[in-house]
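Read-outs throughout are calculated quantities, based only on the coordinates presented, and are distinct from any laboratory measurement. Everything numeric in this text was worked out from a predicted model, so none of it was measured. Virtual Cβ from ideal backbone geometry, glycine too; neighbours counted across all protein chains shown.
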Amino acid sequence: MIKCPSIPINGHFTKISWLILNKYFLRQKIFPPILPTKPKPEADRYAPIRTLNTTITMQLIDYSHSFFSVVPPFLALALAVITRRVLLSLGIGILVGVAFLVGGNPVDGLTHLKDMVVGLAWSDGDWSLGKPKILVFLILLGIFTSLLTYSGSNQAFADWAKRHIKNRRGAKMLTACLVFVTFIDDYFHSLAVGAIARPVTDKFKVSRAKLAYILDSTAAPMCVLMPVSSWGASIIATLAGLLVTYKITEYTPMGTFVAMSLMNYYALFALIMVFVVAWFSFDIGSMARFEQAALNEAHDETTVSDATKGRVYALIIPVLALIASTVSAMIYTGAQASETFSILGAFENTDVNTSLVFGGTCGVLAVVLCTLGTIKTADYPKAVWQGAKSMFGAIAILILAWLISTVVGEMHTGDYLSTLVAGNIHPGFLPVILFLLASVMAFATGTSWGTFGIMLPIAAAMAVKVDPSLIIPCMSAVMAGAVCGDHCSPISDTTILSSTGARCNHIDHVTSQLPYALTVAAAAASGYLALGLTKSALLGFGTTGIVLAVLIFLLKDKKRANA
């Protein structure tokens, strides 16, 4: 890598002067480029990142082997929990990370921060609209929900549900069971089911924190277990490459995925825990306080036009239109990107974000058609603005979460954490170690998909090296840990969208879900220890179930003693 000439003047002045001279000569085309626009893959302690100005390459310090790589995300997490001010905490984490990356240079820091923001929609000289489409879908869903509220359809559905669902248990079970319809994507599940179930759970005084927990703990766990989902298709494609790389011929990608799903103890028992909580009202930690508060004070978010009498069909038809159009768009966009059509291939290559925008648009149009004559013409602009405005807070959090995720990637936090498993490790301990490491990585980075991408190849390589028979248990442990850490992380997009779908305070959701997630994680860790030592998936499953049952009994007994 070519560096600035060494001149005995102030370092920052020298560097800036050199960049200006270089840029000037480039513009005049007097000399060829001095600073490389395409850095060598094997750089020294600097990781070159291309800025929007293609003639200059900003040099970012490489923290892939430094403990400092974990400071920004963990600082943001700690501040979010302590201060309960998510936007401020994420902002501080981003600024600290950027300062680390540019070596404290304020000019470079502002430039890089600008590039990060622009990079959410513009990358490598072209539009990158995946993230903006998610924001558009959020606004569409806010409008969708607001129109249903203004028309009185939410209230009508809640009244209908109260006649058919007799108690709070039924409301919670209905919410949990909707995952069997909306498992195609975790974003879609959290937001769509939140819109459907919230009027019912409000009617029966189920806390928003409990609703957010049910949404979050049924979204990713179900998606990661199902091959016909945006998660499953992506993981199967990754597995296909790993099987070829390590010349493993006794398994097919689909067979490997199914075997891994059966060993994904965290996802399986997180789903079981949801139904235990819904059926038995197993409330621990801050959840007990939120549930008691909900019983004492009903939510009242309904703003219905004068003389408006909602109809149940005006909710059911738009919801069906939303689901059907989203699924159809996912299949269509996936089929367009596939050489030969198959359902699995379509979901593997689908454009989820475009499909969500299409589905959201169809849902809003269906609401408008179903509420013509029900909502006053003058109320439509109010409803649209109210719905869009209700999502602004979630959009701000999501944008900052994406930015800190970019910082985490540029600081190579995942690479640093992955080095912690290097060295001589007993093969039997490998699954539980990978589970814990993937949990920490997903917690710190806020992304289970990023953890999959980093840790699955590492897990496969380590298993092949120490004991090839452990390759499926090790990769299963990574998948489980990624979902676990994602559940616990305040900066996870799925956690943010679950609190958004439930209209729950984000930190309330994080703190109330954490005891349940950690309880299941402890049980899953014991299961992976048993799996690694015995190589018996059934024994690992049984161990997880027994430990979870014991922990639930102990926690319930402790709750009774403190009552």
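In this structure, LYS114 and GLN336 have a Cβ-Cβ separation that, at R0 = 35 Å, corresponds to a calculated FRET efficiency of about 0.50.
As a calculated quantity, the FRET efficiency between HIS65 and GLU250 at R0 = 41 Å, using C-beta atoms, amounts to about 0.65. Dipole check for segment 50-126: with +1 at the C-beta of Lys and Arg, -1 at the C-beta of Asp and Glu, and the Cα centre as origin, the magnitude is about 360 Debye.
A Förster radius of 35 Å combined with the Cβ-Cβ distance from TYR313 to ASN167 puts the calculated FRET efficiency at roughly 0.90. Projecting each Cα onto the charge dipole of segment 168-282 (Lys/Arg +1, Asp/Glu -1 at the beta carbon, about the Cα centre), which of VAL181, PRO227, MET254 comes out farthest on the positive side? Value computed over the given set: VAL181. Remark: the Cα gyration tensor places segment 121-236 in the oblate category, a/c being 1.5 or greater and a/b not exceeding b/c.
Think of each Lys and Arg Cβ as +1 and each Asp and Glu Cβ as -1; about the Cα centre, that makes the dipole of segment 327-485 roughly 480 debye.
Positive end of the dipole of segment 50-126 (Cβ unit charges, origin at the Cα centre): among ALA78, ILE92, VAL102, the Cα lying farthest that way belongs to ALA78. Distance between the 7 Å Cα→Cβ label points at LYS465 and ALA522: 3.3 nm.
Label-to-label distance, ASP124 versus PHE392, with points set 7 angstrom from Cα along the beta-carbon direction: 3.6 nm. Shown for LEU147, LEU262, LEU403: other C-beta atoms within 10 Å of each C-beta, ranked fewest to most, produce the order LEU262, LEU403, LEU147. With neighbours defined as other Cβ atoms within 10 Å of a residue's Cβ, the residues ARG208, ARG503 order from fewest to most as ARG503, ARG208. Backbone phi angles across segment 474-480, fed through the Karplus curve with coefficients 6.51, -1.76 and 1.60 (θ = phi - 60°), yield HN-Hα couplings of 5, 5, 5, 4, 5, 4, 5 Hz in residue order; Gly and Pro are listed as x.
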